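The values are calculated or read from the model by the stated rules, or taken from the named source; none is laboratory data. Values in this document were obtained by computation on a predicted structure and should not be read as measured data. Cβ: placed from backbone, ideal geometry, glycine included. Neighbour counts: every protein chain shown.
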């Protein structure tokens, strides 16, 4: 490469070449695909995961509805209606009278799932990831000041703006085409083969067409909707079939990030800093669930790094540390979710660091700076966030700041959140400052946009998001009961990019990672309440200018 002094484009914000077409609504998303002779499909999955179709009591009556072309059972676990328009297909699908098989999961609710999760923290045989030094001796030493805390988070889903969809076509010569806003063409080929395998289609005969995506966050790396669309297209060879999941199917019958719980303990030395750190997390194994749906081999427990990422705190100078995990299975299908294990483990661990700082009587920023004495890259990012947030400036009573830092996807990201306590009205999130070292930044404006979006995504999850269960089924169904953060509750966001000699690092996910912990720490600073569960038990008020 040229010397930096000769760069003309790298490191300077450039306008997106696709922006004018996006403003005109011209780009084609998966849901926009419309090949000639198109058929449409809607689907109904079992309300309880794992149940299968016992019978469709009124199949003949649904087939006779106007515009309906086909009613098909897919892999014994879903029923689809194919029609001349999606609305006709969706209305007909709503009329289906499906009897589902009974499963043990039908007796499961959120309380039972949480009980299983917390029981996982008591496991006598957790999987050991890190065991450095005699942690037990340090925790039991007579002079040790021990800090302990339990944390937990619920299941959450992706709730992409563009509904889950795929279009498939099987031609007379055995060639298949698939259009989808997928995150991976491999999943498109695999899904098409899964759905059309009975018709003799192999992966080499599948032509994937990747479209623009209206949000993905990991959800569109699965092949479920592609396999279903392919199955239906194989039943109607020569005509493309577009399958669109309704919002209710996506939220209530889709894929989820695991719930998780952690038990953390630290022995503080005479200087108030941790001598030993003990972390245990319980969660459902993401790779086990993903592999069970998509691949023939299930990885062993050492493959479950997604369960523990963000928990080890390697960047902190702690002499003794131990990290263990326990996999807690359930009937709920788990999938990749924006930042995966970091999304809960950083909430756990960075909330806990604040609790240690409080126990030591030390400012949370100064406490972290001491812990980062051997990590200059992290310390520089932390200092930059504190500088931009004006950490040293006192806030009036009822306002608070919180801070958190993490290394993820080779980037280092620190955030400061400012909140105002509003009594019975709850809290207002006023400001989020983020400092990021993501290596070489090619287009700063795009990096800032990614971080801003990640912060808003994380605030939604921290304040509003929960997937709950009654009688084995998901309770939430749409944005009415699985809400998104809105403009009236969105804070000011400021992003500071830190110069770095490293190659380009991750940007799409780091913005999500520290937000929940920094927010919880800010709420504690403002109110004195330490919240250890997500979504945080507060009412979110709009900004002053919007109320």
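Can you name the residue in the range 369-381 that is part of a helix (DSSP H, G or I) and touching a residue at least 40 places away in the same chain (Cβ under 8 Å) and is also nearest to residue 418 (Cα to Cα) among such residues? Out of the qualifying residues, it is 381.
On inspection, residue 177 does not qualify as surrounded by fewer than 22 Cβ atoms within 10 Å (Cβ to Cβ) and assigned by TED's automatic domain parsing to the domain that holds residue 516.
Kindly indicate which of 111, 80, 105 is free of Cβ contacts under 8 Å to residues at least 60 places away in the same chain and either within 22 Å of residue 328 (Cα to Cα) or touching a strand residue (DSSP E or B) at 6+ places or on another chain (Cβ under 6 Å) (or both).
Numbers: 80 fails: free of Cβ contacts under 8 Å to residues at least 60 places away in the same chain; 105 fails: free of Cβ contacts under 8 Å to residues at least 60 places away in the same chain.
Among 111, 80, 105, only 111 is free of Cβ contacts under 8 Å to residues at least 60 places away in the same chain and either within 22 Å of residue 328 (Cα to Cα) or touching a strand residue (DSSP E or B) at 6+ places or on another chain (Cβ under 6 Å) (or both).
In the set (1) in the same structural domain as residue 450 (by TED's automatic domain parsing); (2) out of contact with any strand residue (DSSP E or B) (no Cβ under 6 Å at 6 or more places or on another chain); (3) within 26 Å of residue 534 (Cα to Cα), the condition left unmet by residue 273 is number (3).
Are any residues in the range 131-142 in contact with a strand residue (DSSP E or B) (Cβ under 9 Å, 6 or more places away or on another chain) and surrounded by fewer than 16 Cβ atoms within 10 Å (Cβ to Cβ), and if so, which ones? Reasoning before the result, please.
Kept after step one, since they are in contact with a strand residue (DSSP E or B) (Cβ under 9 Å, 6 or more places away or on another chain), are these residues of the range 131-142: 131-141.
Listed by number, the residues that qualify are 131, 132, 133, 134, 136, 137, 140, 141.
So, of the residues in the range 382-427 that are modelled with pLDDT of 95 or more and in a helix (DSSP H, G or I), which turns out to be surrounded by the most Cβ atoms within 10 Å (Cβ to Cβ)? Here the answer is 385.
In the set (1) in contact with a helix residue (DSSP H, G or I) (Cβ under 9 Å, 6 or more places away or on another chain); (2) farther than 30 Å from residue 121 by Cβ, residue 172 fails one condition alone, (1). No other residue among 366, 389 is more than 30 Å from residue 290 (Cα to Cα), outside the structural domain of residue 49 (by TED's automatic domain parsing) and touching a strand residue (DSSP E or B) at 6+ places or on another chain (Cβ under 8 Å) apart from 389. Considering the range 188-209, and only residues there that are in contact with a helix residue (DSSP H, G or I) (Cβ under 6 Å, 6 or more places away or on another chain) and surrounded by fewer than 17 Cβ atoms within 10 Å (Cβ to Cβ), the residue that is farthest from residue 171 (Cα to Cα) turns out to be 203. Among the residues examined, residue 439 qualifies as in the same structural domain as residue 517 (by TED's automatic domain parsing), at positive phi and surrounded by fewer than 21 Cβ atoms within 10 Å (Cβ to Cβ). Just one of 519, 536, 463 is in contact with a helix residue (DSSP H, G or I) (Cβ under 7 Å, 6 or more places away or on another chain), in a helix (DSSP H, G or I) and surrounded by 18 or more Cβ atoms within 10 Å (Cβ to Cβ); which is it? The conditions single out 519. Within the range 386-432, the set of residues being under 21 Å from residue 370 (Cβ atoms) and within 24 Å of the chain's Cα centre (by Cα) comprises 402, 403, 404, 405, 406, 407, 412, 413, 414, 415, 416. Being within 30 Å of residue 503 (Cβ to Cβ), surrounded by 16 or more Cβ atoms within 10 Å (Cβ to Cβ), within 20 Å of the chain's Cα centre (by Cα) and not assigned by TED's automatic domain parsing to the domain that holds residue 218 holds for only one residue in 349, 375, and it is 349.
Would it be correct to say that residue 362 is assigned to a helix (DSSP H, G or I) and either buried (at least 24 other Cβ atoms within 10 Å of the Cβ) or modelled with pLDDT of 95 or more (or both)?
Values: assigned to a helix (DSSP H, G or I): no; either buried (at least 24 other Cβ atoms within 10 Å of the Cβ) or modelled with pLDDT of 95 or more (or both): yes.
When the stated conditions are applied, residue 362 does not pass them.
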